[in-house]
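The values are calculated or read from the model by the stated rules, or taken from the named source; none is laboratory data. Being a predicted model, the structure only gives us computed values, none of them experimental. Note: ideal-geometry Cβ built from the backbone for every residue, glycine included; neighbour counts use all protein chains shown.
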Number of protein chains: 2
Amino acid sequence: MSGASVWQGAGQRIYIQEVGPRDGLQMESVFVPTADKIAMVNALSAAGVAKVEVTAFVSPQAIPALADAQEVLRGIVRRPGTVMTCLVPNIKGAQRAMEAGADELNLVMSASETHNLCNLRMLREQSFAGLAEVVAVAQQGSVAVNVSLSCSFGCPMEGDVPAAEVLGWAQRFIDLGVQGITLCDTTGMAHPAQVHALVSAFKARWPQTTLTLHFHDTRAMALANVLAAIAAGGDRFDASVGGMGGCPYAPGASGNACTEELVHALQLMGYDTGVDLAALTAVAASLPALIGHATPSAIVQAGPVSQRHPAPASLPDIRARAQARCLA
Amino acid sequence: MSGASVWQGAGQRIYIQEVGPRDGLQMESVFVPTADKIAMVNALSAAGVAKVEVTAFVSPQAIPALADAQEVLRGIVRRPGTVMTCLVPNIKGAQRAMEAGADELNLVMSASETHNLCNLRMLREQSFAGLAEVVAVAQQGSVAVNVSLSCSFGCPMEGDVPAAEVLGWAQRFIDLGVQGITLCDTTGMAHPAQVHALVSAFKARWPQTTLTLHFHDTRAMALANVLAAIAAGGDRFDASVGGMGGCPYAPGASGNACTEELVHALQLMGYDTGVDLAALTAVAASLPALIGHATPSAIVQAGPVSQRHPAPASLPDIRARAQARCLA
């Protein structure tokens with residue numbers, strides 16, 4: 001797509017991938033009951049998102065909020081057009097996810113050595129070696145693999161992460177035969193100039209690899225980054241319903257890009273997201289009862305642009321008095 | 001500017017116009033002491049903004065928060081490069097503002113008949129007739145005039161406001177000889193496709209008229225709208241420090257575009273805003289003590305992208321253990 005036409009969507013398909021049930025809920029201190037998780041995933045896929053990150057097959061001690069991964073994945077309704085992906089950290093998690101029917105495995109490592117050490121307790125080379133084994137297991141089972149590269153747009157501790165390093169890690173996974181790569185702006189450091197440059201470089205090098213962009217709205221740049229990515233050829237975006245999932249470095253700040261904010265803006269611009277905004281916003285509006293606090297969703301708070309506000313009851317009187325002054 | 005290059009600022013000058021002291025403070029229930037208002041305006045102009053909307057010369061009964069308009073305007077430091085503008089609703093206000101030394105008068109009417117009636121108790125034709133008299137007074141005094149057209153991107157009660165109507169009101173004021181027009185997205189209804197189209201139409205028709213865009217972040221589209229406007233040739237943006245100024249239709253929702261969020265993003269993209277981000281953010285951080293509540297500023301909450309977070313003290317141990325596993 002040319003940069004000039006990004007402002008008019010003209011029916012272009014954009015794929016919205018919902019990460020709230022995993023990336024959002026894992027940040028919450030409450031355990032959302034399994035039946036509510038299943039209902040949430042079902043409502044999201046019914047609303048028309050292209051993919052749902054359903055859960056994570058990790059140690060229940062590490063992330064108690066997602067201890068019911070198997071029940072959730074087994075319990076959800078499968079719809080044509082919605083890929084059900086699950087985060088897995090290792091072979092054991094991959095095997096459990098595959099047994100429970102995952103359409104795709106999502107693997108995570110960081111493009112930043114410091115962040116990888118802090119988050120995964122491994123050097124990046126160790127992570128890569130372990131994930132390469134997971135890729136082999138997935139391939140034996142004919143299950144698709146996506147690799148999410150954290151800190152692809154910067155590390156809160158290291159600062160800049162060179163694009164060449166990010167693309168180098170992508171290359172190594174693509175060489176293994178993975179189907180998709182997600183460039184993650186894990187702590188909301190990406191800006192549109194950087195996004196346009198990195199997505200352009202990725203698309204030039206791997207036009208056939210499925211590329212997802214995962215933005216955070218920590219510094220209020222998520223939508224602008226999405227548009228910069230679209231201008232550079234990107235068409236798949238992770239987002240979290242209600243904007244669930246905070247930023248660990250900034251308590252109270254926004255975390256994940258908010259799904260209904262992206263869908264709302266992209267639809268107004270004429271893009272085809274395939275998502276029913278009202279159904280999606282209904283899921284967002286149901287979250288406070290589940291997680292015990294409000295979400296940062298601007299669409300839940302202010303309503304969509306299409307929503308009319310009633311004029312005051314006194315408007316006819318105001319108008320009549322104004323008209324009377326005209327005649328006076 | 002071509003649409004393709006909006007993503008790389010390449011040193012292009014963007015003019016940031018601060019509206020917090022008027023548009024922000026008038027929404028607040030507290031009266032900020034005059035000396036604090038003067039200090040705020042001085043700090044904002046020292047930070048490098050191109051214009052400050054200092055106050056409004058309106059009835060103190062209507063807006064008690066700005067009852068000290070004359071003292072504030074007389075008390076501030078004037079700096080070359082910062083235009084001091086004041087909102088005035090009528091000839092009396094214009095005369096008071098001119099006596100107190102306003103560089104520019106900012107006049108307001110709505111492009112929506114319903115909104116104009118609700119907000120100003122006048123038909124649009126009545127507003128225009130009254131403002132035309134104010135323009136004449138300003139011209140006699142050789143003071144510049146800017147006209148802000150509310151609801152240029154939609155009315156919360158009427159819905160769409162046709163672009164032809166918006167441009168028609170602009171035409172009538174430009175015919176009177178005003179120096180500038182501001183297209184205001186009063187309740188955050190503008191989206192980037194619409195912004196790109198309307199700004200393109202304006203710039204094609206009046207390439208010499210100074211055009212300002214005034215966006216709200218009510219539905220999280222402010223920065224994307226700014227970039228759409230830049231792609232269409234816009235280069236002046238109103239914004240409010242700390243994002244001060246709520247949305248009357250959505251309690252708790254964001255209002256005005258936040259100055260430091262715009263400056264932060266535009267600077268990262270390579271634009272020249274002329275603004276010292278740290279100095280601006282310091283003003284934003286000082287607001288809660290003045291207005292009695294937190295602001296929605298993502299930059300105050302999360303810090304700029306350039307801010308490094310310290311790695312955990314245990315990082316050397318984590319690294320050593322990881323390396324030991326490599327050797328094992």
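Need the failing condition index for B:M157 against (1) more than 14 Å from chain A (Cβ to nearest Cβ); (2) touching a residue at least 24 places away in the same chain (Cβ under 8 Å), just the number.
Against the list (1) more than 14 Å from chain A (Cβ to nearest Cβ); (2) touching a residue at least 24 places away in the same chain (Cβ under 8 Å), B:M157 comes up short only on (1).
So is A:G243 closer than 18 Å to B:T218 by Cα, within 12 Å of chain B (Cβ to nearest Cβ) and free of Cβ contacts under 8 Å to residues at least 40 places away in the same chain or not?
no
Can you tell me how many residues in segment A:307-322 are at pLDDT 95 or above and at the interface with another protein chain (Cβ under 7 Å from one of its Cβ atoms)?
Matching residues across segment A:307-322 total 4.
What is the number of the single condition among (1) away from chain A (no Cβ under 12 Å); (2) touching a residue at least 40 places away in the same chain (Cβ under 8 Å); (3) of a type outside the set (G, A, S); (4) not in a helix (DSSP H, G or I) that B:P304 does not meet?
With respect to (1) away from chain A (no Cβ under 12 Å); (2) touching a residue at least 40 places away in the same chain (Cβ under 8 Å); (3) of a type outside the set (G, A, S); (4) not in a helix (DSSP H, G or I), B:P304 is out only on (1).
For residues that are surrounded by fewer than 24 Cβ atoms within 10 Å (Cβ to Cβ) and at pLDDT 95 or above, scanning just segment B:228-262, find the one that is nearest to B:C151 (Cα to Cα).
The residue in question is B:R236.
Look through segment A:65-82, keep the residues that are in contact (Cβ under 8 Å) with a residue 40 or more places away in the chain and in contact with a strand residue (DSSP E or B) (Cβ under 9 Å, 6 or more places away or on another chain), and return whichever of them is farthest from A:F31 (Cα to Cα).
Ranking the candidates gives A:V72 first.
If you take the residues of segment B:287-297 that are in contact (Cβ under 8 Å) with a residue 24 or more places away in the chain and farther than 18 Å from A:D217 by Cβ, which of them is farthest from the chain's Cα centre (by Cα)?
Among residues in segment B:287-297 that are in contact (Cβ under 8 Å) with a residue 24 or more places away in the chain and farther than 18 Å from A:D217 by Cβ, the one farthest from the chain's Cα centre (by Cα) is B:G292.
Within the bounds of segment A:115-129, is there any residue that is at pLDDT 95 or above, over 21 Å from A:Q70 (Cβ atoms), of a type in the set (G, A, S) and in a helix (DSSP H, G or I)?
yes
Could you go through segment A:101-113 and let me know if any residue there is in contact with a Phe, Trp or Tyr (Cβ under 8 Å, 6 or more places away or on another chain), in a helix (DSSP H, G or I), within 14 Å of chain B (Cβ to nearest Cβ) and buried (at least 24 other Cβ atoms within 10 Å of the Cβ).
No, because not a single residue in segment A:101-113 is in contact with a Phe, Trp or Tyr (Cβ under 8 Å, 6 or more places away or on another chain), in a helix (DSSP H, G or I), within 14 Å of chain B (Cβ to nearest Cβ) and buried (at least 24 other Cβ atoms within 10 Å of the Cβ).
Residues to consider are A:A313, A:A322, A:A239, A:A285; find the one that is part of a loop (DSSP other than H, G, I, E, B) and of a type in the set (A, V, I, L, M).
After ruling out the rest, the residue left standing is A:A313.
Being touching a residue at least 40 places away in the same chain (Cβ under 8 Å), at the interface with chain A (Cβ under 10 Å from one of its Cβ atoms) and not small (G, A, S): is that true of B:L280 here?
Here the answer is no, as B:L280 does not meet what is asked.
Return the residues of segment A:271-297 that are over 18 Å from A:A47 (Cβ atoms) and touching a helix residue (DSSP H, G or I) at 6+ places or on another chain (Cβ under 6 Å); say none if nothing qualifies.
A:A294, A:P296
Does segment B:31-64 hold any residues that are of a type in the set (V, I, T) and more than 22 Å from B:E99 (Cβ to Cβ), and which are they?
B:V32, B:V49
Regarding segment B:43-50, can at least one residue be identified that is over 22 Å from B:L211 (Cα atoms) and surrounded by fewer than 20 Cβ atoms within 10 Å (Cβ to Cβ)?
Yes, some residue in segment B:43-50 is over 22 Å from B:L211 (Cα atoms) and surrounded by fewer than 20 Cβ atoms within 10 Å (Cβ to Cβ).
Residue-by-condition table, conditions (1) assigned to a helix (DSSP H, G or I); (2) in contact (Cβ under 8 Å) with a residue 60 or more places away in the chain; (3) in contact with a Gly (Cβ under 7 Å, 6 or more places away or on another chain); (4) not charged (D, E, K, R):
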| position | (1), (2), (3), (4) |
| --- | --- |
| A:V166 | yes, no, no, yes |
| A:D175 | yes, no, no, no |
| A:L183 | no, no, no, yes |
| A:A201 | yes, no, no, yes |
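Scan segment B:28-50 residue by residue and report those that are modelled with pLDDT under 95 and either under 14 Å from the mean Cα position of the chain (by Cα) or polar (S, T, N, Q) (or both).
Within segment B:28-50, just B:S29 meets the criteria.
Give me the pairs, please: first residue somewhere in segment A:95-114 and of a type in the set (V, I, T), second residue anywhere and crowded, with 19+ Cβ neighbours inside 10 Å, beta-carbon distance under 7 Å, and either six or more positions apart or on two chains.
That search, which allows pairs on different chains as well, returns A:V108/A:L87; A:V108/A:S148; A:V108/A:S150; A:T114/A:C155; A:T114/A:M157.
Taking segment B:199-222, which residues are more than 10 Å from chain A (Cβ to nearest Cβ) and either crowded, with 24+ Cβ neighbours inside 10 Å or not hydrophobic (A, V, I, L, M, F, W, C) (or both)?
Of everything in segment B:199-222, those that are more than 10 Å from chain A (Cβ to nearest Cβ) and either crowded, with 24+ Cβ neighbours inside 10 Å or not hydrophobic (A, V, I, L, M, F, W, C) (or both) turn out to be B:F202, B:K203, B:R205, B:P207, B:Q208, B:T209, B:T210, B:T212, B:L213, B:H214, B:F215.
Looking only at residues in segment A:10-41 that are small (G, A, S) and surrounded by 24 or more Cβ atoms within 10 Å (Cβ to Cβ), which one is farthest from A:A231 (Cα to Cα)?
In this case the residue turns out to be A:G24.
Of everything in segment A:114-147, what is within 12 Å of another protein chain (Cβ to nearest Cβ) and surrounded by fewer than 16 Cβ atoms within 10 Å (Cβ to Cβ)? Give them in sequence order.
Result: A:R121, A:E125, A:A129.
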